[in-house]
1. Exactly one of these conditions fails for Val231: (1) within 34 Å of the chain's Cα centre (by Cα); (2) outside any strand (DSSP E or B). Give me its number.
2. Take the residues of the range 1012-1066 that are at pLDDT 85 or above and aromatic (Phe, Trp, Tyr): which is nearest to the chain's Cα centre (by Cα)?
3. Among the strands (runs of 3 or more DSSP E) confined wholly to the range 437-526, which include 2 or more residues that are charged (D, E, K, R)?
4. Of everything in the range 120-163, what is acidic (Asp, Glu), part of a strand (DSSP E or B) and within 27 Å of the chain's Cα centre (by Cα)? Give them in sequence order.
5. Which of the following residues is surrounded by fewer than 16 Cβ atoms within 10 Å (Cβ to Cβ) and either among the polar types (S, T, N, Q) or at negative phi (or both): Asn915, Asn900, Asn869?
6. Which one of Asp223, Asp230 is within 30 Å of Arg145 (Cα to Cα) and surrounded by fewer than 23 Cβ atoms within 10 Å (Cβ to Cβ)?
7. If you take the residues of the range 459-471 that are of a type in the set (S, T, N, Q) and free of Cβ contacts under 8 Å to residues at least 40 places away in the same chain, which of them is surrounded by the fewest Cβ atoms within 10 Å (Cβ to Cβ)?
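The values are calculated or read from the model by the stated rules, or taken from the named source; none is laboratory data. Since the model is a prediction, treat every value here as computed from it, not as a measurement. Counting neighbours? That spans all protein chains shown, and the Cβs are built from the backbone with ideal geometry, glycine included.
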Amino acid sequence: MKNKYHLCHIMAFLSFFYCFTASVFAQGTAPAPQDLLFLQDFSTLDAASATYPAGFQGWTASTAPGSTFNTAAAVVADKPLVASSTAATTSGNFHNYNGKIGFLNTGSLDLTLGFAFKTLGKSGITVEYDAMVIRNPYNGTSNTRINEFVLQYRVGTADAFITLYPTVYSSGATGQTSGTIGQNIQKIKVVLPIECDNKDVVQIRWISRQVSGGGSRPSFAIDDISVINDVTAPVNAVGYPKISSILSDGFDFSTKLDEPGKTYFVLLPSGSATPSGAQIKAGTNATNAPALQSGILEIKDAAIESVKTITGLSLGTDYVLYSISEDATGNTQTESNLLNITTSSVLVPSLSTTKAALDFNFVEQNFSSTAINYQIEALNLTGAVTLTTSGNFTISKNQSTGFQTALVFASQDFNNNTTPTVYVRFTPTTTGLFSGKITHESTGASTKTVSLSGTGINPYFQNFNDVNVLTNSGWTEYSVAGGKSKWVSTTTRFNSSPAAVQMNGYSETGASKDWLISPNLRLDTFDKFPLLSFYSRKFFAGTPLKLMVSVDYDGKSTPETATWTVLEGDFPSTTGTFKQSQYINLEAYKTNHTYVAWVYETSTSGGTDSAEWTVDDVKISNEASFLASNPNFNFGEVAPNTASTSQSFVFMAGGYSDITVTAPADYQLSVDNSNFQSSVAVSAADGVAGKIIYARFFPSSKALSISGRLTAVGTGLNQEIGSLSGSSLPKTETFDIVTYNVEFFGSNVIGATGTEFGPTDDALQIENVAKVMNTLNADVYALQEISDDAALETLIQKISVNGKTFAKVISPAWSYSFNAPTPDFPAQKLVVLYNTQTSSVKKSRVLFSKLFDDIRAGNATLPNYPGGNSASFYSSGRLPQIVEIETNIGGVKKDIKIINIHARANSGSDIARYNMRKYDAELLKDSLDVNYPEANLILLGDYNDDVDESVIAGNPSSYQKMVEDTARYNPLTLEISKAGAFSYLSSGGFLDHIIISNELMAEYVPNSTTVYDPRLDVANYVNTTSDHGPVIARFQLKTNTTLSTNDLISTTKSTVVTYPNPASESFTIVINSGNTKDLKLTIYDIQGRSVGVPIELKGFNSDNTTRIDVAHLPVGIYIYTLSNGTKVVFKDKLVKK
């Protein structure tokens, strides 16, 4: 590892500056609350102004926008207003768009525009504004991003914001990249919840989220804002209230308002004194006596009139009707409305129906609903009654036959007060809302109508993208235990954008049992296999979800009254990731009234019993064949020619006749867990019903990894399924080392934001980390972020099992370790744990400690250090830890220097932190090149960057110089990074790496570097244990070999020389010795594989010179050995250029 030292860096040891301090974020300023009534059209805001109008403040909500609306209580910082912006402005900022204020996010900036006001003594707070897009780079090709813009509120200045989803506004797909004209302007009006009434301060803010697509982002803006308290009573629509359809015994009273509310009425004899508004509401006359008739009409939709039919009145009599209306906030009209009515003095033909509207709810498309009926009442008829309907509705006089679009009832059908029955059926031809009506007509009578409505659904496919899916699609939620939490729509987590359904019983009071139930499924119409698939996601620890099916549920009552059968749902075992469950065969439940349900049940709320479950993208398909099995087994370590413990899976398939399942080499199968062979037969019937198959690992030779897939062969089927893997290379024969960031291990420190650092259950974190380590069964662990020494001691006890005894080396240097501990930020120590049975520590120290002390004392500086502050070096003191160990694996001893690194972290796309980390890493390389040119080095830890390319987009890796120096280093994690591996489980980045020096290349076990994903074995791992996964590498250590004076050289002046080295076409080896023994020269690549045919070197006296051709070798690092028989007597490095 010899190398010339780069004078542009100091040859010394450096310190590591961590990205967080006690003050994690700067806080935004709360704007002064404004008085109501508030109006702002920005007409007085000059286009060149960079000052926010009173009450407004731009904030940075977070360092990166997401697919959900950020609602966090804390904002990161204030953000200034940029003057004179247009749609051509591309900077991420708040913009003065000449009469409008808006903002444009970037990939590292999530902005939100806040406004504050006070509502003391006021209620019914209404916010109205124009929402618009100014810049929209959408072009359908390179820029396809669609974002949404929404209004949020909170009372006070400390709580999380609450999203007002009715105000969601979409950017759309109309491009605009110049000017300041608002595009797609929509006026949005919303009444704030009652909790905003009579408060010292209410804050609202506008914020956006990413919905779909990619490329450049659109900017949003607002204008014409009003915030008022609603003190205005509703206004009657033109022509309302009114009287119609006057008969000899009654009439129709109709009302219509300009907003939702209520209309109260009283009917009194003509000439009665005018009652007050309160008396009308109470249903009395002016003397507080009960009115002849009274009532309330609910106006839920201002666009629809409300009608009340009043009957039971006297022939030819005068009446007066008084009414008064109020809105949803209680604002009442000051004057009542008066309507005079005189009933007919002659008998007038009249029609009435027992129902004014029929709702068929949810009906499967292309199927007819069950018939709903009503009766017709008629008086004084002079002719027949004709009924007509329209759309997807039909009518009949019979419950089951004769449905058509028109019916006629003779007048005689109504004799003796007979009320004929009408049956109505709904047949949707597609999905969506349907409406219609039935008109009833007869000579001389007022026409009567019955309103019809229904929803056509496809019960066999549901993506849950409609936030009202549990009320408008036939899918229902039913809460049996616990009324506080239930299945709800969520736009926070989903498999397919923008929504799914979710249940979390954590905040419930006591137990939960909540059902998510499908619409009625007519599976008897399926002529093939009805196969169910869906996606689900688990988060937090808690009980599993259950998938159930019923053929006797009525679709209306509590599901507890029906018989339900549990199905295998194949739910995810890891947390935080959606998994598709598929090929769930419903063949045994083919009826015309089948239901499936997802059941969430816990015995208590909170704690570890209340997981969060999300379900999305449910589909039931009609398939001629299926293959449902996909077993993935890791059998661990098994010695050659011995059998592992078996693992079983259920093999399910249909439509392929009898099937043969064959195991890959070194694996065996059985149907009885006794007789194992290379393949098993599964009959067609067993395949449909499900057949248990046992698999085991029976390696025939020693190898690091032996893997393969099962093969299923049947009629029309030849498919590989699943994955079987195992190792027959014993851990006792290799030296295994792991890097593992254990995220504030054992910390109980509460930060400035009020949140504890790292997982909160320390005992569970210790237990889980120990479980991970015992699974890995390594010799040495390089740990980062140890925050509590007592927790570390407990961990050591838990991993000192099965003949292993672990000891520790704790680095005394971490970020700001030279200062007294702070109460709101824990230490993040570097620790090396080693098994004393296989390793011993010779010495340890902190790299760059002297240099860092000199820097702090003002006696040294780092030339051109990014940012100019040398004290920021290695996160202000989190210096690399070097531990020199002597291994003893099977009697083979080897000195290895372990360098434990926790590099500077990132902060979004901040290039300054990247530059500091890059400087730190390059100085470390220069120092190692000079001070440890021929040492066995393993550099491992949390690099906080990838070795392929930087996680800071558009930049090379911080460790590029080390990665490119292939003559001295081998980044073991480079290839698996390129293949898509990742160790930062919270976001999918690869931050934890292992690099070795060339001295260990020949002893590295090829392909042994892997990221172990503990989420497969530890519930809710990311939240309970660590945001990182461990990375392991294995080595088969060999005795250090040198030229043997006994076996090869007979004089003290014996030498072995190779030149040129590096070589391009060939190199010459010169052996100067008086020994006459034959030798064999073998060349190996850095993976330890022999390259080409060994070359025989015959016995010699004095000089033996041989030219070796290497033109055929790829460029790289090689090791060549000289051996006498089976004994290697000399080895050295060869570089092919």
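1. Of (1) within 34 Å of the chain's Cα centre (by Cα); (2) outside any strand (DSSP E or B), only one is false for Val231: (1).
2. Top of the filtered list is Tyr1021.
3. 512-517
4. Result: Glu148, single match.
5. Asn869
6. Values: Asp230 fails: within 30 Å of Arg145 (Cα to Cα).
Just a single option satisfies the conditions, and that option is Asp223.
7. In this case the residue turns out to be Asn468.
Per-residue answers, yes or no, for (1) hydroxyl-bearing (Ser, Thr, Tyr); (2) within 37 Å of the chain's Cα centre (by Cα); (3) in a strand (DSSP E or B):
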{"position": "Asp616", "(1), (2), (3)": "no, yes, yes"}
{"position": "Asn634", "(1), (2), (3)": "no, yes, yes"}
{"position": "Thr642", "(1), (2), (3)": "yes, no, no"}
{"position": "Thr660", "(1), (2), (3)": "yes, no, yes"}
{"position": "Ala685", "(1), (2), (3)": "no, no, no"}
